[in-house]
Amino acid sequence: MGTRPDIPPGTLYMLILKTLGRLGPMHGYGIAQHIHQISDEVLEVEEGSLYPALQRMLIKGWVVAEWRQSENNRRARYYTLTPEGRKQLGREVREFERVVAAISKVIQPA
C-alpha cells in the first residue's frame, strides 16, 4: 500500500468539530480513531497535529474540556463542542464546500 494522504490544510478543525458534533464528548484518541474509521482508514490524525489543534480550539472557545475516566479506566481529557464551536463548524463546512467547488471547476475537462 502507498503512503497515506495528508489531511488537507485547513480541514482539521472541521473534522474535529464534526466528530464532536456527531458523537458528543470524546477524548483525543477517540476523535482520531473516529476520523480514521469513518474515512475508510484514509485519513490519519497524528497526535502532533491533534492535541495542538484541540488546545487552540479550547482557547478560541469552540470546545470545553474536562478530565474523566476513559473506557479502559485511564484518566483522559474529554472535549465537548460549545455553541460557538457549532457556529464555527458551519463556517468551516461552508468554506470547505466553496474551496472544493472552486477546485472542481479547475480540474474539470475543458
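Descriptive notes on the structure:
- Only one of the numbered conditions (1) within 25 Å of P5 (Cβ to Cβ); (2) touching a Ser or Thr at 6+ places or on another chain (Cβ under 6 Å) is violated by Q88, and that is (2).
- Subset tally (residues that are in a helix (DSSP H, G or I) and either within 15 Å of the chain's Cα centre (by Cα) or touching a residue at least 60 places away in the same chain (Cβ under 8 Å) (or both)) for region 73-93: 9
- Helices (runs of 4 or more DSSP H) fully within region 1-72 counting 3 or more residues that are β-branched (V, I, T) and surrounded by 13 or more Cβ atoms within 10 Å (Cβ to Cβ): 28-38
- For region 1-38, filtered to residues that are modelled with pLDDT of 95 or more and of a type in the set (G, A, S), the residue that is farthest from the chain's Cα centre (by Cα) is G24.
- A residue that is touching a His at 6+ places or on another chain (Cβ under 8 Å) and either surrounded by 15 or more Cβ atoms within 10 Å (Cβ to Cβ) or not hydroxyl-bearing (S, T, Y) (or both) occurs nowhere in region 85-94.
The values are calculated or read from the model by the stated rules, or taken from the named source; none is laboratory data. In this text the structure is predicted, and so the values were computed from the model without any measurement. With ideal geometry, Cβ positions are generated from the backbone for all residues, glycine too; neighbour counts draw on all protein chains shown.
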